[in-house]
């Protein structure tokens, strides 16, 4: 009985198997239409997003193939946006074919990112978003769509193995980068020469942006492999007033992972180049740089080989690490030649930009508010090594060389360890701008020693005429101020300054002109100028609330002693100074009257003391009624020997006190 049943059982199994095979073959040929609904629910579960295959999941145009792999062909694939997004979808592909493997589904079910082996679409529309808290639409997982950002590692992003898109559109909104871009692209990953071309326009950090990106394929750029291969790429971008060209390789389209290549960047100012990178850079003249750049795990390395800022030529090496908060810039700045005028309002000089810091009408000090928040956007430590610093004036010799260090930490910008050589002398000190509060605090402590004035000040004179002034100048200034602009800081300035001139001479003609000695001045014009030895010179200035007053400002020569007193206001930009010359010798014709320097910085005035000059000229007019020669009597000056001697002694005594104070401060 059992023997006869065995063939029947085998036949039944065979028929059943053949039936199953035929059924599977038929379903495979028909595309498993009844699996469209379950398939989209499985994908939705894995992605934690709504997934729709076709206009209606039960329609027969959705075809699924399960032999060897899972392949879906459908008029459309729609992957929904995360719950926090207002976008209609994250991805919408039309005339699409998608395939993945069973092992890929298993890994995704275990929490890894879903790997899609191939995606082909006639058109693709993507809405890519990232919030300020880090949640992004390309992240999928249990926490990716929640209202609060989940723990690290709870989210992932899909990866692709092959991608072909005939025509694509991408909307990119990134709150972390303050970026809004709308792009079109075409992509072919399946041919022998894969290519990707993207054109985008929008805004980056409030600045208009235009981007063109071309690569030999996109896959490694969005893959999640541990070590994806680099892809050749070419990037052309214009953001705000800056433009960038890059040729090299990268592995990540979203983060520019393992970026490496050559760059060419330029703009009307160095600040314009720093704006897109959110890097605090000074406002300068036109900027152009070429060199090498790499990026690895959030750390940028830049080696600018050729840099021009106006007429200046620079080089260096820098790193910019975005991982700390705030980011950190470090490196060195080298310059064969740097012109001060090219740094523009960074140092208070003119630049050709229309939006450079300006002074109000009738003023010369720039009063445009500082961008203090930019000082808090990053920290920095940069060594400065400049072979020649041109001060931008034919009158002043350059500094050769200039060394120092720029520090920016917690909103405090410091130029420290400044050390420069000027006309055989030395200039050094520290300058600091504290931008941690609404009002910036500015401090400066600067010294200069043994600067040869005849080499430092290059005033043109005739071949045989001596320099207007010679000698070794030394001194120190210690000042501080507060405000939101250069004008405000100078208007609140407090501190002191002192100077001394050793082994010096001064133009004899200049001294006689200061004393209005007409007779001796005419004599010098006839025979030629000569140099008077300076027996003593000292200057000490007191500064309070922007008002500069000389405690002592005196120059003593064998011919005369010159004194300057009065005040100069940096707050109101007005002057009220008086120069008095005390003669030591006889002169038959002199007006000997104090000179007044007044008016504003924009419109200074020079005038004689009308009282003293009027009394002399009045007396001369009265005496001329008696005898024309008698009119010269009030203009005769016998000199003030005793007064001049006391002035010289006072100058020497004050100079010794100033010198002792300067030595004690070192």
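Some notes on this structure:
- Here the residues 536, 27, ranked from fewest to most Cβ neighbours within 10 Å of their Cβ, fall in the order 27, 536.
- Here the spin labels are modelled as points 7 Å beyond Cα on the Cα-Cβ line, and at residue 66 and residue 197 they lie 4.3 nm apart.
- When the square roots of the Cα gyration tensor eigenvalues are ordered a ≥ b ≥ c, the ratio a/c for the stretch 58-143 is 1.5 or more and a/b does not exceed b/c, which makes its shape oblate.
- Order of 235, 441 under a 10 Å beta carbon neighbour criterion, fewest first: 441, 235
- Take the Cβ atoms of residue 416 and residue 186, set R0 to 56 Å, and the FRET efficiency comes out at 0.55.
No value in this document is a laboratory result; all are computed from the given coordinates. These numbers were taken from a predicted model, which means no experiment stands behind them. As a convention, Cβ positions derive from the backbone with ideal geometry for all residues, glycine included, and neighbour counts pool all protein chains shown.
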